[in-house]
Amino acid sequence: MGIELVKEKYSGGINTVEIGKAGRGPVKIGGETTLPFLFEEGQMPHPPIAGLEVFDCEPVDWPEPLKKAWGDSLKDPVKWAQRCVSEFGAKILCVRMQSIHPDWGGRPSDEAVATLKAMAQAVKVPLVVLGCGDDDKDNEALPKASQALKGENCLFGIATQDNYKTLTATCLADGHSIIADSPIDINIAKQLNILISDMGFDPKRIAMHPTTASLGYGMEYVYSIMERARLAAFIGDKMLSMPLALFVGQEAWKVKEAKELGEKQGVNWETATSVAMLQAGADLLVVRHPETARLVTKYIDMIMRKR
């Protein structure tokens, strides 16, 4: 006698966020009506995507196994971006404007924006654009970056509960989407989405960053927060119905197992973390090693064929 499996059906779903425009993508993330890869219970119309991260300056604090993969192109952001697309097939790039950070030389924002524009002109894929993490510098540089890429429909970040107004206003004016950050707290995630929406920003142009952790360094807790957000969205919570964007590379490559035990171990650590986050519901993964991007994309292609 066969056993009939119980299948969950939900009334809600995840918003679809489009990044890029004609001639530069676009790509779509989100749109799910079921937990990851449970194709018999709902839809996953848009496969998750693994993008590569590029700095606008040489990342001097990266571990040697990671630097080795990119070689001299780390000294030239435009060349680095071009390699991501032409050599490694990246479908989306994440540009981090790290050079403006006071601890990285405090480069003038106008110079950083000029580099960003040159990178955008050199590649024809959608862009995720991040600040440096210093609120004062980001509030100065990100509006200029937003204006420089007006109409390109980029995904800008990162908006926090204490520092969301400037970025929200400039993305609203220039036609970009936005990443809302919450430090593994589902209540803060929902509140920030409400605050951004209250400024007139379309909730369907928001992606959530619930904060990422590396394999073995708190990943289980992040996983549980992501699942809770997904389940809330599926039962109808519109302020938690945003796709999830995670910066796996920045977490994986700072742990000792990745940076001290050789390139292969680092790639394995970043890949294992990425696959676990996909199972938790990640829609966009930003990684740093090109081999990780290849392996994760291969995994996504394989599992999505089961639809």
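Each value in this text was obtained by applying a stated rule to the coordinates, not by laboratory testing. This is a predicted model, so every value here is computed, not measured. FYI the Cβ positions are ideal-geometry reconstructions off the backbone, even for glycines, and counts take in every protein chain you see.
Numbers at a glance
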| read-out | value |
| --- | --- |
| Mean Cβ count within 10 Å, highest first, over the residues of peptides 60-71, 2-13, 22-33, 235-246 | 235-246, 22-33, 60-71, 2-13 |
| Cα-centred dipole magnitude for segment 46-151, charges only on beta-carbon of K, R (+1) and D, E (-1), debye, nearest 20 | 580 debye |
| Inter-probe distance in nm under a simple model that places probes 7 Å from Cα toward Cβ, at Tyr299 and Gln265 | 1.9 nm |
| Cα→Cβ-extended label distance, 7 Å offset, between Ile194 and Leu5, nm | 3.7 nm |
| Largest-first ellipsoid semi-axes for segment 61-112, taking √(5λ) over the Cα gyration tensor eigenvalues, angstrom | 22, 15, 9 |
| Dipole magnitude of the chain about its Cα centre (Cβ charges: Lys, Arg +1; Asp, Glu -1), debye to nearest 20 | 960 debye |
| Label zone at Lys306, where the point sits 7 Å out along the Cα-to-Cβ direction: segment 23-64 residues whose backbone N lies under 16 Å | 34-45, 47-48 |
| Segment 124-196-segment 259-274 distance, computed between alpha-carbon centres (Å) | 29 Å |
| Reference-scaled alpha-carbon Rg (2.2 N^0.38 Å with N residues) for the chain | 0.96 |
| Calculated FRET value between Lys238 and Val60, using beta carbons and R₀ = 35 Å, to 0.05 | 0.25 |
| Bins of 5 Å, starting at 0 and running to the largest distance - Cα pair percent for segment 1-46 | 5, 20, 21, 16, 13, 10, 7, 3, 3, 2, 1 |
| Distance between modelled label sites at Tyr221 and Ala173, nm, 7 Å Cα→Cβ extension | 3.8 nm |
| Dipole-positive endmost among Met302, Val6, Pro243 within the chain (Cβ charges, Cα centre) | Met302 |
| Under 12 Å between alpha carbons - lysine pairs in segment 12-144 that sit 8 or more apart or on different chains | 5 |
| Peptides 191-201, 133-143 ordered by average Cβ neighbours within 10 Å, highest first | 133-143, 191-201 |
| Segment 181-278 pair-distance distribution - Cα-Cα, 10 Å bins, rounded % | 16, 42, 26, 13, 3 |
